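Engineer: I'd like to ask some things about the structure below.
The values are calculated or read from the model by the stated rules, or taken from the named source; none is laboratory data. Just so we're clear, the structure is a prediction, and the values are computed from it rather than from any experiment. Because the Cβ atoms are built from the backbone with ideal geometry, glycine has one as well, and the counts that use them run over all protein chains shown.
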Amino acid sequence: MKALGIVGSPRRNGNVDTLVSKVLEGAQEAGLETSKYILNEMNYSGCQACEYCKSHDHCRLDDDLTELFAEMKEADAVVFGSPIYFFLFSGQFKLMQDRMYSLIDAAFVPRLRPGKRAIIVTSQGNADVASYAKAADDFALALKMLGFELKDIIRMVDGIAPDAALARKDMLDMARSAGAALGRE
């Protein structure tokens, strides 16, 4: 079994990267093979709205997302992580999310095998978790359309400092436990 982590934060070792890594650590301890992609270090473009993917089984763009999506198709679980900026996921994440349109055919049937599990990880500066919950909740709907089973949403608040997650044992434990649960299902 394999778990894939996707970090949509521009901060390497920032809060989202730290929490996604903890989820993957828990998954690895439970026996899953893991890998992680840092979107900010990848070379890719946004969706071109060309509809090529509706008459072919892949996006016409051949960039770093090509490998990521191939690995996503093989993975049993995917951990999607992004900070929330101005009520939305990061630009890096949004570009990838738009390209996920290529993972459904012209009839909106998912190209991913059913039963993949997903965890969403977010970090926000605001202390009120409800303030920006909509970003992850909306993405959860997209994942459902793609056939994912959402297992957890890990929402970190007060994440202004790039290393705030390191001092949050509760968040680190929650992330590790969520990852470990991926290996028990």
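Engineer: Looking at 98, 105, 138, can you tell me which residue is under 17 Å from residue 7 (Cα atoms) and modelled with pLDDT of 95 or more? Steps first, answer last, please.
Structural biologist: Numbers: 105 fails: under 17 Å from residue 7 (Cα atoms); 138 fails: under 17 Å from residue 7 (Cα atoms).
After applying the criteria, what remains is 98.
Engineer: Collect the residues in region 82-101 that are free of Cβ contacts under 8 Å to residues at least 60 places away in the same chain, surrounded by 15 or more Cβ atoms within 10 Å (Cβ to Cβ) and outside any helix (DSSP H, G or I), keeping them in residue-number order.
Structural biologist: Result: 84, 85, 88.
Engineer: Specify the residue that is nearest to the chain's Cα centre (by Cα); the eligible residues are those in region 74-101 that are closer than 21 Å to residue 147 by Cβ and of a type in the set (Ser, Thr, Tyr).
Structural biologist: Per the criteria, the residue is 82.
Engineer: Looking for whichever is at pLDDT 95 or above and either at positive phi or over 15 Å from the mean Cα position of the chain (by Cα) (or both) here; the options are 41, 71. Which one fits?
Structural biologist: Just a single option satisfies the conditions, and that option is 41.
Engineer: Kindly list, by first and then second residue, each pair from a residue in region 109-123 that is within 29 Å of residue 156 (Cα to Cα) to a residue that is surrounded by 15 or more Cβ atoms within 10 Å (Cβ to Cβ) and among the polar types (S, T, N, Q), limited to pairs with Cβ atoms under 6 Å and residues at least 6 apart or on different chains.
Structural biologist: Short answer, once both residue conditions are applied: 123/15.
Engineer: Quickly run through region 64-81 and pick out the residues that are part of a loop (DSSP other than H, G, I, E, B) and in contact with a helix residue (DSSP H, G or I) (Cβ under 9 Å, 6 or more places away or on another chain).
Structural biologist: Listed by number, the list holds a single entry, 76.
Engineer: Within region 50-72, can you find the residues that are farther than 11 Å from residue 96 by Cα, among the hydrophobic types (A, V, I, L, M, F, W, C) and touching a Phe, Trp or Tyr at 6+ places or on another chain (Cβ under 9 Å)?
Structural biologist: 53, 59, 61
Engineer: Can residue 104 be described as within 30 Å of residue 157 (Cα to Cα), of a type in the set (Val, Ile, Thr) and either buried (at least 17 other Cβ atoms within 10 Å of the Cβ) or within 12 Å of the chain's Cα centre (by Cα) (or both)?
Structural biologist: No, not satisfied.
Engineer: Starting from region 65-81, keep only residues that are in contact (Cβ under 8 Å) with a residue 60 or more places away in the chain and of a type in the set (D, E, K, R), then list their pairs with residues that are assigned to a strand (DSSP E or B) and surrounded by fewer than 23 Cβ atoms within 10 Å (Cβ to Cβ) whose Cβ atoms are within a distance under 7 Å, requiring at least 6 positions of separation or different chains.
Structural biologist: From residues that are in contact (Cβ under 8 Å) with a residue 60 or more places away in the chain and of a type in the set (D, E, K, R), the pairs are 71/35; 74/2; 76/2; 76/117.
Engineer: Within the group 167, 142, 161, 127, which residue is among the aliphatic types (A, V, I, L, M), surrounded by fewer than 17 Cβ atoms within 10 Å (Cβ to Cβ), closer than 19 Å to residue 79 by Cα and out of contact with any strand residue (DSSP E or B) (no Cβ under 7 Å at 6 or more places or on another chain)?
Structural biologist: When all the criteria are applied, what remains is 142.
Engineer: Going through region 145-154 one residue at a time, which ones are farther than 18 Å from residue 98 by Cβ and buried (at least 19 other Cβ atoms within 10 Å of the Cβ)?
Structural biologist: 152, 154
Engineer: I'd like to know if region 175-183 contains one or more residues that are at pLDDT below 95, farther than 23 Å from residue 110 by Cβ and either among the aliphatic types (A, V, I, L, M) or buried (at least 16 other Cβ atoms within 10 Å of the Cβ) (or both).
Structural biologist: Looking through region 175-183, at least one residue is at pLDDT below 95, farther than 23 Å from residue 110 by Cβ and either among the aliphatic types (A, V, I, L, M) or buried (at least 16 other Cβ atoms within 10 Å of the Cβ) (or both).
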